[in-house]
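> Sharing a structure here in structure tokens format.
The values are calculated or read from the model by the stated rules, or taken from the named source; none is laboratory data. Bear in mind that the values here come from a model prediction, so they are computed numbers and not experimental data. Counting neighbours? That spans all protein chains shown, and the Cβs are built from the backbone with ideal geometry, glycine included. Each accessible area value is taken on the protein alone, full model and side chains, heavy atoms only, with ligands, DNA and RNA left out. Shrake-Rupley method; radii C 1.70, N 1.55, O 1.52, S 1.80 Å.
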Amino acid sequence: MTTRYPILRHRELRPRLRWSAWRERRAPLAAGAGEVLVHEIDGEHRTGAVDTARATAVTLVDVRPDVQLFAEWHLAPSDSAARFPVRVTYHCTVVDPVAVLRNRRTGAWYPSWVLAQDTRPFRLHGEHPEGDENGLQRALTALLSPSPAHRALPGIRVELGQVTVGPAWPNDTDEA
């Protein structure tokens, strides 16, 4: 389930006198394998044994190691109007679920989007000729290996998994 990674579910628990409070009492969030509950109490996020009666919100966070996330781009070769399809696999692990929740309103809690917004691969736009998929793959790996995420993702460790470059395909152009 990488589409909702790392925040799987979030529930506001207060005020108690609203319609959805019945559902929350009947089916509370429970952490399974590779998941952790983070409670918000008095404006602070806490894990572990907490006084759930004082909690104002609870969030289920995925802490499985090496969750695969993907980013895709299309890069132009140097000698034609075709495009190389590029797919980069990242391995992400939540190391601090509290930091993830503190920064969830900044957009950094949605790492798939953050990783796909990386503009560094476009530095190689037009650098490799058509048919040089291996050269482009080596260049992308060298570019992304030192720092896989172009922007800090608080509480998440990001490692470069694999860079895949397909053969260049012609651009879709409208002939009409």
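> Mind listing the phi-derived Karplus ³J(HN,Hα) values for the range 139-145, rounded to whole Hz, using 6.51, -1.76 and 1.60 with θ = phi - 60°, and x for any glycine or proline?
Each residue's phi maps through the Karplus curve to give 5, 5, 4, 5, 6, 8, 4 Hz.
> Next question, about the same structure. Which residue, chosen from Leu75, Ile156, Pro146, occupies the Cα position most advanced towards the positive end of the dipole of the range 40-176, where the dipole is computed from +1 (Lys, Arg) and -1 (Asp, Glu) charges on Cβ about the Cα centre?
The residue sitting farthest along the positive end of the dipole is Ile156.
> What is the set of long-range amide H partners of Glu35 at a cut-off below 5 Å, with H atoms built 1.01 Å from backbone N?
Long-range HN contacts for Glu35: Val63.
> Right, next: Would you calculate the separation in nanometres between label points at Glu12 and Leu143, each defined as 7 Å from the Cα along the Cα-to-beta-carbon direction?
Distance between the two pseudo-spin positions: 4.2 nm.
> First check a/c for the range 90-151, with a ≥ b ≥ c the square roots of the eigenvalues of its C-alpha gyration tensor; if it is under 1.5, answer rounded, and if not, answer prolate when a/b is larger than b/c or oblate otherwise. Could you put the intermediate results ahead of the total?
Working: a/c = 3.85, a/b = 2.56, b/c = 1.50.
Cα axes put the range 90-151 in the prolate bin.
> What part of the accessible area of the range 40-127, given as a whole %, is carbon or sulfur when the probe is 1.4 angstrom? Each step should come with its number before you reach the end.
Values: 2060 of 4310 Å².
On the range 40-127, the fraction of accessible area on carbon and sulfur atoms equals 48 percent.
> If you roll a 1.4 Å probe over the heavy atoms of the protein chains, what accessible area per residue do you get for the range 25-151, in Å²?
Values: 6520 Å² over 127 residues.
Dividing the accessible area of the range 25-151 by its residue count gives 51 Å².
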